[in-house]
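Structure record follows, encoded as structure tokens.
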Amino acid sequence: MLPGWLRDIAGSGRDALRLVFPERCAVCGRRLCAAEHCVCVPCYQALPFTRLHGERGNVVERIFWGKLPIVRANAYIHYYAGADSRRLFWSLKYYSRPQVGRYMGRAMAADLADSDFFDGVDLILPLPLSRRREKRRGYNQSTELARGVSEITGLPVDTSSVARTVDNPTQTHLTGQERQANVAGIFRLLRPEALRGRHVLLVDDVLTTGASLISCGQTIAAAGGVRLSVLTLALAGDHPLVPLTPRRPARRPDGEPARP
Ligand SMILES: [Zn+2]
């Protein structure tokens with residue numbers, strides 16, 4: 001934590017920088033006001049929240065049943081083809097805005113802060129990118145999300161125990177089974193001793209069939225005695241979304257309730 005006077009200088013430096021290079025909304029591109037970060041208030045409130053709130057047996061958790069030693073799973077928003085909210089992911093992945101990941105990581109953790117979702121979790125492990133792809137992008141968007149989650153939960157982020165050895169080709173036109181075969185064996189366990197007997201929270205940006213997360217989770221599970229939870233920013237694809245309990249409102253990372 002910076003001392004107060006240094007925070008003031010850093011804060012005024014940031015304000016001056018925003019005058020010259022105004023931050024824009026990651027969804028609509030509108031210039032943000034000083035109180036807004038990454039996403040403007042109207043766009044944030046219009047995000048298609050899943051409102052799963054980490055409830056037991058939810059649709060995301062079911063994707064991993066029988067495939068991973070799954071404890072909990074959650075996705076914060078839906079990913080809809082054609083929706084404006086897709087621009088959030090373009091900003092995060094293709095327009096070099098890692099801070100969007102950090103911000104949305106805090107948001108999806110704040111949404112779960114009053115649940116028992118993080119109880120017993122030992123560490124956060126972002127889904128690795130291959131070294132080549134991470135170098136080209138300059139960062140791993142899942143690591144940025146994980147760091148945002150860590151800022152809310154205080155849990156450590158582990159980026160060194162698992163590596164991705166292969167950039168799998170596009171999964172878009174493959175069936176669920178083909179996707180699983182496509183990503184089998186693409187992760188490598190580097191430090192099994194760091195994960196053995198631990199409860200690992202896997203973090204990723206978009207979950208569709210879960211093929212990559214399952215492949216990574218199975219690699220981690222080989223360390224022995226591992227329990228896994230999964231947290232993603234978005235849920236894409238066609239899933240039967242049957243609410244099991246009444247929804248609670250999502251919250252912005254600053255604690256303000258969202259009113260979509
Ligand atoms: Zn906006």
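Quick notes on this structure:
- Against the conditions (1) in a loop (DSSP other than H, G, I, E, B); (2) free of Cβ contacts under 8 Å to residues at least 40 places away in the same chain; (3) of a type outside the set (A, V, I, L, M), S96 satisfies every one except (2).
- Any hit, segment 13-23, residues being modelled with pLDDT of 90 or more and away from the ligand (no atom under 14 Å from the Cβ): no
- Checking R62, R56 one by one, the residue that is surrounded by fewer than 19 Cβ atoms within 10 Å (Cβ to Cβ) and assigned to a helix (DSSP H, G or I) is R62 and no other.
- Counting only strands (runs of 3 or more DSSP E) that fall entirely inside segment 168-260 and contain at least 2 residues that are within 20 Å of the chain's Cα centre (by Cα) and at pLDDT 95 or above, the qualifying elements are 199-207, 227-236.
- Of the residues making up segment 30-66, those that are within 10 Å of the ligand (Cβ to nearest atom), touching a helix residue (DSSP H, G or I) at 6+ places or on another chain (Cβ under 9 Å) and free of Cβ contacts under 8 Å to residues at least 40 places away in the same chain number 3.
The values are calculated or read from the model by the stated rules, or taken from the named source; none is laboratory data. Fair warning: this is a prediction, and the values are worked out from it, not measured in the lab. Neighbour counts are summed over all protein chains in view; Cβ atoms, including those assigned to glycine, are modelled from backbone coordinates with ideal geometry.
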